[in-house]
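The values are calculated or read from the model by the stated rules, or taken from the named source; none is laboratory data. Only a predicted model underlies this, so the values are computations on that prediction, with no experimental measurement involved. Every residue, glycine among them, receives a Cβ derived from its backbone with ideal geometry; neighbour counts consider all protein chains shown.
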Amino acid sequence: MQKIDNYNFKGKKVIVRVDFNVPLNKETGEVSDDTRIRGALPTIKKIIEDGGAAILMSHMGRPKKNPDPNFSLKQIISAIEKNLGKTIKFAEDCQSADAQVKALAYGEVLLLENLRFYAEEEGKPRGIEKDNPNFEAAKKEIKQKQIEFAKKLASYADVYVNDAFGTAHRKHGSTAVIADFFDESHKMFGFLIDKELAAMDKVLGSSRNGFTAIMGGAKVSDKIMIIENLLNRVENLIIGGGMTYTFIKALGGKIGNSLCEEDKLDVAKEILDKAKAKGVNVYLPVDAVNADKFDANANTNISKTNETPDGWMGLDIADESIKKFEEIITNSKTVLWNGPMGVFEMDKFAKGTSAIAQAVAKATANGAFTLIGGGDSVAAINKNKLADKVSYVSTGGGAMLEYMEGKVLPGIAAIRGDK
Ligand code: AMP
């Protein structure tokens, strides 16, 4: 497989799938968080500094028509220019940029308009619902057109680089289909995807001994697959957040009004049985901070997790659980953390999640390899200003989860040939 580190882009036109799906400030229209733009800079800089020309393509938001000014990438040109320290060119239509590509000089950057102005990018028919009898035919047609769409994008360049990890789990025109139009030595991952894969592969390849996974967040149903895969790999599984209570109820505990997925009680029980059979230590919170309503100003009390008073709901882990979890985490050699321990968006219920963030940072300082992934645990690490105190913070929520579940990601397979 071709690697970006040892490729020389001199004299090459390079089409790069980046993830510029950035949030915009509703009032000013400016980019309110440019993390994703900054994430793509090393790849773009390498291409132009080598003496290549970079053609950038991305989606932003969920446009439903072409064009759709609210989702135009024109709005992010100045944020890219500011980060890159140079002006860039813009093509108003990603499917008819031939003249601009031709005129693009080496060392220059051209940004194509939002790929999702075309339904072909996602390969999903527009304006026709699944229950429509013509849906399947429309889907087949758009999938066919997706190949032409990707072929057009490919025609602009000598080399294809995919650096959009956040969409690597989607088989879209620009993330997977386009790769078929380049031979093995002319397609590669960018630096961001390379880093993501290295971090995840390191975790997945770690020895069971000293490997702790911390799973939190709202629902068991979102995390079943990843937990199942991790049971084959970890020594310790720490469970927190809302999903705690489905497990506690499955074990016969009293959970009051806490979040519970009644239809997942069997699954929770099965997970616990499997963990036992595989010798994985499962740690559920033993105590909790309860609230009388789901509100930042709710009244609170503390109870055993399996003795939640009637009318109350558990919204955070309490001190005894924190202490136990800290001990396990700080003594680990590998830590994977996905999902908050409580409703950390509300100050009253943020303590458990902050304590875990601190413990993960401490484990890192002790020499552990620590990977944080999934939107909310990343937000929690950032809120605690600890992003540079852990080994790696993944940028791809859904993509990261699917990879850790053991699934083949179409965007990765298209270049690396994963099966
Ligand atoms: P997820 O996206 O599945 O990782 O879930 C994250 C969400 O779970 C956050 O918005 C948290 O507020 C929420 N959450 C965490 N703990 C609890 C809890 N005990 N009860 C209800 N929601 C929770």
Which listed residue is out of contact with any helix residue (DSSP H, G or I) (no Cβ under 8 Å at 6 or more places or on another chain) and part of a helix (DSSP H, G or I), from 130, 145, 151, 195
195
Members of the range 85-107 that are in contact with a Leu (Cβ under 7 Å, 6 or more places away or on another chain) and either outside any helix (DSSP H, G or I) or of a type in the set (A, V, I, L, M) (or both)
88, 89, 90, 91, 94, 97, 101, 104
One residue from 31, 109, 101 being more than 21 Å from residue 412 (Cα to Cα), crowded, with 16+ Cβ neighbours inside 10 Å and at pLDDT below 95:
31
If we keep just the residues of the range 311-326 that are more than 8 Å from the ligand (Cβ to nearest atom) and of a type in the set (D, E, K, R), which is nearest to the chain's Cα centre (by Cα)?
326
Please determine, by comparing only the residues of the range 385-398 that are under 14 Å from residue 195 (Cα atoms) and of a type in the set (Gly, Ala, Ser), which one is modelled with the highest pLDDT.
391
I need the full set of residues from the range 296-341 which are in contact with a Phe, Trp or Tyr (Cβ under 6 Å, 6 or more places away or on another chain) and either aromatic (Phe, Trp, Tyr) or more than 17 Å from residue 234 (Cβ to Cβ) (or both), in order please.
315, 316
Members of the range 327-343 found to be away from the ligand (no atom under 12 Å from the Cβ) and either touching a residue at least 24 places away in the same chain (Cβ under 8 Å) or part of a strand (DSSP E or B) (or both), listed by number
328, 329, 330, 331, 332, 333, 334, 335, 336
Could you run through the range 164-183 and say how many residues are within 17 Å of residue 1 (Cβ to Cβ), among the aliphatic types (A, V, I, L, M) and in a helix (DSSP H, G or I)?
2
Selection status of residue 376, surrounded by fewer than 20 Cβ atoms within 10 Å (Cβ to Cβ) and either away from the ligand (no atom under 16 Å from the Cβ) or in a loop (DSSP other than H, G, I, E, B) (or both)
no
Within the set of pairs 6 or more residues apart or between chains, which connect a residue that is in contact (Cβ under 8 Å) with a residue 60 or more places away in the chain inside the range 302-316 to a residue that is within 14 Å of the ligand (Cβ to nearest atom) and of a type in the set (D, E, K, R) with Cβ atoms less than 7 Å apart?
305/287
Could you check the range 262-282 and list, in sequence order, the residues that are surrounded by 14 or more Cβ atoms within 10 Å (Cβ to Cβ) and in contact (Cβ under 8 Å) with a residue 12 or more places away in the chain?
264, 265, 267, 268, 269, 271, 272, 274, 275, 280, 282
Criterion: of a type in the set (Phe, Trp, Tyr) and within 27 Å of the chain's Cα centre (by Cα) - qualifying residue of 135, 182:
182
Looking at (1) outside any loop (DSSP other than H, G, I, E, B); (2) more than 16 Å from residue 54 (Cα to Cα), which is the one condition that is false for residue 80?
(2)
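To keep it simple, each residue is scored yes or no on (1) of a type outside the set (Asp, Glu); (2) touching a strand residue (DSSP E or B) at 6+ places or on another chain (Cβ under 6 Å).
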position	(1), (2)
86	yes, no
94	yes, yes
104	yes, yes
120	no, no
148	no, no
So in the range 13-28, with the set limited to residues that are of a type in the set (D, E, K, R) and modelled with pLDDT under 95, which one is farthest from residue 181 (Cα to Cα)?
27
Residues in the range 241-268 that are in contact with a helix residue (DSSP H, G or I) (Cβ under 7 Å, 6 or more places away or on another chain) and under 27 Å from residue 334 (Cβ atoms) total 4
Being closer than 15 Å to residue 359 by Cβ and away from the ligand (no atom under 16 Å from the Cβ): is that true of residue 269 here?
no
Take the range 167-194 and flag every residue that is touching a residue at least 60 places away in the same chain (Cβ under 8 Å) and among the charged types (D, E, K, R).
170, 171, 180, 184, 187, 194
Say we look at the range 217-247 and pick out the residues that are within 8 Å of the ligand (Cβ to nearest atom) and part of a helix (DSSP H, G or I); which of these is nearest to residue 397 (Cα to Cα)?
244
Select from the range 381-390 the residues that are assigned to a helix (DSSP H, G or I) and either within 9 Å of the ligand (Cβ to nearest atom) or of a type in the set (Val, Ile, Thr) (or both) and list them in ascending order.
381
Can you name every residue in the range 344-370 that is away from the ligand (no atom under 15 Å from the Cβ) and not in a loop (DSSP other than H, G, I, E, B)?
358, 359, 360, 361, 362, 363, 364, 365, 369, 370
